[in-house]
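Heads up: the structure comes next, in structure tokens.
The values are calculated or read from the model by the stated rules, or taken from the named source; none is laboratory data. Owing to the predicted nature of the structure, the values given are computational and were not obtained by experimental measurement. With ideal geometry, Cβ positions are generated from the backbone for all residues, glycine too; neighbour counts draw on all protein chains shown. To get the accessible areas, we keep the full protein, side chains included, count just its heavy atoms, and leave off ligands, DNA and RNA. Shrake-Rupley method; radii C 1.70, N 1.55, O 1.52, S 1.80 Å.
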Protein chains: 2
Amino acid sequence: MTDPETTSTTTPSGTGLPVALDRFAAALGAANVSADPDRLREFRDPYAHPAWTDHQPAAVVAPASTAEVQEVVRIAAETGVHLWPISQGRNNGYGGPAPRLGGGVVVNLRRMNRILEIDPDLAYAVVQPGVRFFDLFEEIRRRRLPLWPSIPDLGWGSIVGNTLDYGIGFTPLGDHQARQCGMEVVLADGSVLRTGLGAMTTARTGALRKYSYGPSADGIFMQSNLGIVTEMGCWLVPEPEVYVAGDVIVERPDDLRMLIDTVRPLLLDGTIPNHPIVYNTALIAGALSDVPRSHWQSDPGPLTDAALAKMRHETDCGAWFMRFALYGPAAVVDHQQALCEQAFAKIPAARAAFRRLPGSRAVETILGQASTPPAAGPAGAVARLRQQSDSTQAGIPSLDLLEHLSWDEQGAGGHLDYSPVAPLDGRSAEDLCVFLDQSCRDVGVDFAVSLMLTPRAMIAVVSLWFATADETATRSAHQAVRSLVKLGAERGYGAYRTHLAHMDDVASTYGWNDHAALRLSERLKDVLDPHGVLAPGKQGIWPASMREPTRRPMPPLGSGTPVDGTVH
Amino acid sequence: MTDPETTSTTTPSGTGLPVALDRFAAALGAANVSADPDRLREFRDPYAHPAWTDHQPAAVVAPASTAEVQEVVRIAAETGVHLWPISQGRNNGYGGPAPRLGGGVVVNLRRMNRILEIDPDLAYAVVQPGVRFFDLFEEIRRRRLPLWPSIPDLGWGSIVGNTLDYGIGFTPLGDHQARQCGMEVVLADGSVLRTGLGAMTTARTGALRKYSYGPSADGIFMQSNLGIVTEMGCWLVPEPEVYVAGDVIVERPDDLRMLIDTVRPLLLDGTIPNHPIVYNTALIAGALSDVPRSHWQSDPGPLTDAALAKMRHETDCGAWFMRFALYGPAAVVDHQQALCEQAFAKIPAARAAFRRLPGSRAVETILGQASTPPAAGPAGAVARLRQQSDSTQAGIPSLDLLEHLSWDEQGAGGHLDYSPVAPLDGRSAEDLCVFLDQSCRDVGVDFAVSLMLTPRAMIAVVSLWFATADETATRSAHQAVRSLVKLGAERGYGAYRTHLAHMDDVASTYGWNDHAALRLSERLKDVLDPHGVLAPGKQGIWPASMREPTRRPMPPLGSGTPVDGTVH
């Protein structure tokens, strides 16, 4: 590509933006358009160093309806500015609401916050992109419907945004892409379409069955810059008769192998119907202990065995802690719990714990428990993780995990995530974690990991923590991610999501047949958005005018200058 | 469109085809290329009237590898012939292997019949398009692997072809689009790509997780003419400890409503993890009784209440018969069975039956039972349906349903299917079946239906039976489908699949915002296959040169003359 960070595109700087802003204001109202640097601060990468200007938008607009989104897209196309649509923009470890390419206009969809439908019998909802996990949960609770939404660990995100970015949840419908059903999408030419059965004007089945007739387009709008999703169907879990939140702690790092091989059959046959997470010691001690890193180790170098032993001793979280949950009729769940107990009993010194609640009282009970906080400091870490897990796995959104992220002394901790995918078998898990541990040591960052398990694959989310005020540390974290992406790809680990600054790097690792998959995305981009109005560079997909045949790595971080807001 | 049935395209007739055939023969070997009318007979619509020439291919080629498929596509593009790829081409109620547009070249992928991988631990396979359900089953059995494939009711079809055409199966992984994972696809320019994590050359996760990085392209290759799928990952079910095949019979037509409302919660919470099918009396009496229609009623007019009563009396199949199955650890399955029994006991006069087998012995036991056939004639119909269901729901392929289709006196019965989708609630099921029953009566065909249930939607497959030797009857069946498509769409029923002759009609029913979804498919077609080499007209998607702005209905059936094999 022509280095969009540092080079102007063909149109002279600024020509398009002032005109676009006037027209945006006329279409949406002046209050919903802003180029004020103070208001734009909200749309920065929250963990970027304050002095960095990469990924800085020139303006923000906030349409309130599909028609307004269409109008915004048309104005952008006509004036030559590029857009960066966000739903809530809360994927903070990956850049938050900030655009890949600086200088463009953030399309903030938070005002499109209507829950268009909730059907208690058929267990689905239809939502706009501004609807947060919190909002849907509260509406279901307000209407006393026996439905549980599937949610990720932090509840402030958009249901649509999370789904489109391949987010994962933790009820039995935690495969958020699978439980998505039917989209309304605005394309780069300002036209709008509905996917699936919703494409029949008279049909009532748009959110009930994913496949209709002809090609299924939903997938091409995920992790994509081919359209703006303005409505989405979303399946919900019926409130179970019984809910059991479980966890198992294993003591030795080497026990991971047996833990994974033990849980896989339980996932494949549906005994455990949700996505378990396996956390390592450093993750729990770092994210849930309410103490700074210096509590464990004063040396800023890699965590020593002594520090890790201290973490295990003070938190009692073991080497690995796996959470999971069971849902269903009482007798069925009781037997599933017994099967889990029998399976985990075969792992030496494994400790399994189960908390059983009637489904009809689970939500109020769990919300009530939040008022009795666990012991302060490391002694309360496991209890905090259990409270948070019990809540998330029942579809009750919270921000608990954020509140306890205390790695940085100044309380201004940021993180950057590297998220490789590996097969779900013990040997692969071991190989992956040995690789990640060693690579983190080599680049001087702590190895804190969550392994999200699906029946056949795991996604490791490595959270690199740093103090956002420390430019060197922030830069190091980015360099570490870049290194991990490259080294991981050499070993067959594909990243499923990444920070803005590494989107080209990750794209370049999917290289089969000269990047044939990326080239397909580029062909779709060229026909659906020939001028590159929508999110240029997202996931490494650039419009033709910014593309170069060789997919070279990105320039160093923090060196970028935002270009003007034009794309053609 | 420019009426491809009756009008020549721009290139003079025949220019491209002779050259193409020579080049195909040079590339694939003469034995794998044929324009011999005798050999081409195999690639006709098996239920078309013998005198009809619509959908008649000009030649067939049979590549044996991805590289040969690429070569075929390149030759077609260069010589201007159009292709109709088939995997096995067994979707007979929808036209079988015949092309939408006559005069082209069938790309017969049956020689690409390699099972590339079966992994017993991670429970998946990777297959080429020529691999039939029979083949994968036999290979798993030969290797004594504890895995069950998900299969449809007839086992002769291609795993890939069924998946791409939105086929459904009947184990817990019966959502075949969901259990598909990773594709290799040849595009119209002869290039090849891999989707998902398989796009990373080093990755071992291509068949383990569906979403990788950037847009997910798999969906656009389903019911599609945008590419030729040459490999596909496919998840398998681990052999359960216990397998229970169940069914429930309700006596009165009105009981359908309560049956559907009773089963929906059991589907939503996973108690019943597969796709049940609900059959009506006429379907069972017609497809499984081994007697001709005249046994029930000599009048060729609509089945009378007396004939339906006779069917119920002689077969004891009730007004509705629902099959389903349970899979898992013994204690869990036992409780799930008890929950089903309790639920169905609330329906007046409902009769539930359960057949329980240890998973490890289920396959051999069921295969052994096939040697002890049920009573002859109508008295054996329910037993035959149970044998067939027990087999299919355990992943054991058969052709049993074909053997008993005996509606036509001469034994030359054909069928044409209309397949609308409706919400899974009792009221909707009742409304749908009242509409279908009345509409079938109005057009003079019998109302024989299978309702395939998913947790939120049902697909009704209405099979219109006729004697293929009877041109009037065949024409009537087609006219009936055309009428049902139109009337159904007015009521919000979208068809999910259709016969070649009705592809444009069904496409025209998905009309939201001036056919925005179809227009998206057309834009993708234009960029990926600008010359319309691949399957022009499939699912109503025509290349630009054959498209007309107004999507008018098709000409009458049986009136078509195949055009020459050229597209540009």
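Tabulated values for the structure
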read-out	value
Residue count for segment B:156-176, restricted to those that are of a type in the set (Asp, Glu) and more than 12 Å from B:MET452 (Cβ to Cβ)	1
Which numbered condition B:ALA376 fails, given (1) modelled with pLDDT under 95; (2) closer than 30 Å to B:THR472 by Cα; (3) of a type outside the set (Asp, Glu)	(2)
Exclusive hit being of a type outside the set (Val, Ile, Thr), touching a Ser or Thr at 6+ places or on another chain (Cβ under 6 Å), under 30 Å from B:GLY488 (Cβ atoms) and modelled with pLDDT of 95 or more, set B:ALA381, B:ALA350, B:ALA412	B:ALA381
Residues being under 23 Å from the mean Cα position of the chain (by Cα) and more than 30 Å from B:SER398 (Cβ to Cβ) - total across segment B:167-191	2
Number of positions in segment A:145-161 that are within 13 Å of chain B (Cβ to nearest Cβ) and open to solvent by less than 20 Å² (accessible area, probe 1.4 Å)	2
Every pair of residues 6+ apart whose Cβ atoms lie under 7 Å, when the first sits in segment B:113-130 and is within 16 Å of B:ARG143 (Cα to Cα) while the second is assigned to a strand (DSSP E or B) and among the aromatic types (Phe, Trp, Tyr)	B:ALA123/B:TRP235; B:TYR124/B:TRP235
Segment B:48-69: number of residues that are out of contact with any Asp or Glu (no Cβ under 8 Å at 6 or more places or on another chain) and open to solvent by 30 Å² or more (accessible area, probe 1.4 Å)	7
Residues that are in a loop (DSSP other than H, G, I, E, B) and touching an Asp or Glu at 6+ places or on another chain (Cβ under 8 Å), drawn from segment A:136-152	A:PRO146
Residue in segment B:255-265 that is part of a loop (DSSP other than H, G, I, E, B) and in contact with a Phe, Trp or Tyr (Cβ under 7 Å, 6 or more places away or on another chain) present	no
Only one of A:SER545, A:SER521 that is open to solvent by 10 Å² or more (accessible area, probe 1.4 Å), more than 8 Å from chain B (Cβ to nearest Cβ) and not in a loop (DSSP other than H, G, I, E, B)	A:SER545
Segment B:328-346, residues that are facing chain A (nearest Cβ under 7 Å) and part of a loop (DSSP other than H, G, I, E, B)	B:PRO329
Check on A:VAL421, open to solvent by less than 10 Å² (accessible area, probe 1.4 Å), modelled with pLDDT of 95 or more and not in a loop (DSSP other than H, G, I, E, B)	yes
Residue selected from segment A:481-491 under the condition farther than 20 Å from A:ALA98 by Cβ and in contact (Cβ under 8 Å) with a residue 24 or more places away in the chain, by the criterion farthest from the other protein chains (Cβ to nearest Cβ)	A:SER483
Of the criteria (1) more than 25 Å from A:SER398 (Cβ to Cβ); (2) within 8 Å of chain B (Cβ to nearest Cβ); (3) of a type outside the set (Phe, Trp, Tyr), which one A:VAL250 fails	(2)
Segment A:456-496 - residue that is in contact with a Gly (Cβ under 9 Å, 6 or more places away or on another chain) and at pLDDT 95 or above and, of those, surrounded by the fewest Cβ atoms within 10 Å (Cβ to Cβ)	A:VAL461
Close pairs from segment A:433-451: first at pLDDT 95 or above, partner acidic (Asp, Glu), Cβ under 9 Å, at least 6 apart	A:VAL449/A:ASP437; A:SER450/A:ASP153
Count - residues of segment B:176-187 that are of a type outside the set (Gly, Ala, Ser) and facing chain A (nearest Cβ under 9 Å)	4
Which numbered condition B:TYR510 misses (of (1) in contact (Cβ under 8 Å) with a residue 60 or more places away in the chain; (2) within 14 Å of chain A (Cβ to nearest Cβ))	(1)
A:GLY104 vs. criteria modelled with pLDDT under 95, within 26 Å of A:ASP45 (Cβ to Cβ), under 22 Å from the mean Cα position of the chain (by Cα) and not hydroxyl-bearing (Ser, Thr, Tyr)	no
Check on A:GLY414, on the phi > 0 side of the Ramachandran plot and buried (at least 23 other Cβ atoms within 10 Å of the Cβ)	no
Answer residue from segment A:199-236, given it is more than 8 Å from chain B (Cβ to nearest Cβ) and outside any loop (DSSP other than H, G, I, E, B) and is most open to solvent (accessible area, probe 1.4 Å) among those	A:GLU231
From B:ARG194, B:ARG264, B:ARG209, B:ARG257, residue being basic (Lys, Arg), more than 27 Å from B:THR171 (Cβ to Cβ) and within 27 Å of the chain's Cα centre (by Cα)	B:ARG257
Count of segment B:424-460 residues which are away from chain A (no Cβ under 14 Å), part of a loop (DSSP other than H, G, I, E, B) and acidic (Asp, Glu)	1
So B:ALA343, is it out of contact with any Pro (no Cβ under 6 Å at 6 or more places or on another chain), more than 26 Å from B:GLY174 (Cα to Cα), open to solvent by less than 50 Å² (accessible area, probe 1.4 Å) and small (Gly, Ala, Ser)	no
Qualifying residue in segment B:310-327 (condition: on the phi < 0 side of the Ramachandran plot, within 14 Å of chain A (Cβ to nearest Cβ) and not small (Gly, Ala, Ser))	yes
Search result, residues across segment B:110-135 that are in contact with an Asp or Glu (Cβ under 9 Å, 6 or more places away or on another chain), more than 19 Å from B:PRO85 (Cα to Cα) and either open to solvent by less than 10 Å² (accessible area, probe 1.4 Å) or within 14 Å of chain A (Cβ to nearest Cβ) (or both)	B:ILE118, B:ASP121, B:LEU122, B:TYR124, B:ALA125, B:VAL126
Residue within segment A:255-262 that is open to solvent by less than 10 Å² (accessible area, probe 1.4 Å), aliphatic (A, V, I, L, M) and away from chain B (no Cβ under 12 Å) present	yes
Segment B:461-482: number of residues that are part of a strand (DSSP E or B) and among the aliphatic types (A, V, I, L, M)	4
Condition broken by A:PRO240, with the remaining ones in (1) within 10 Å of another protein chain (Cβ to nearest Cβ); (2) more than 30 Å from A:THR66 (Cβ to Cβ); (3) surrounded by fewer than 24 Cβ atoms within 10 Å (Cβ to Cβ) satisfied	(3)
Yes/no for B:GLY190 being open to solvent by 20 Å² or more (accessible area, probe 1.4 Å), away from chain A (no Cβ under 11 Å) and modelled with pLDDT of 95 or more	no
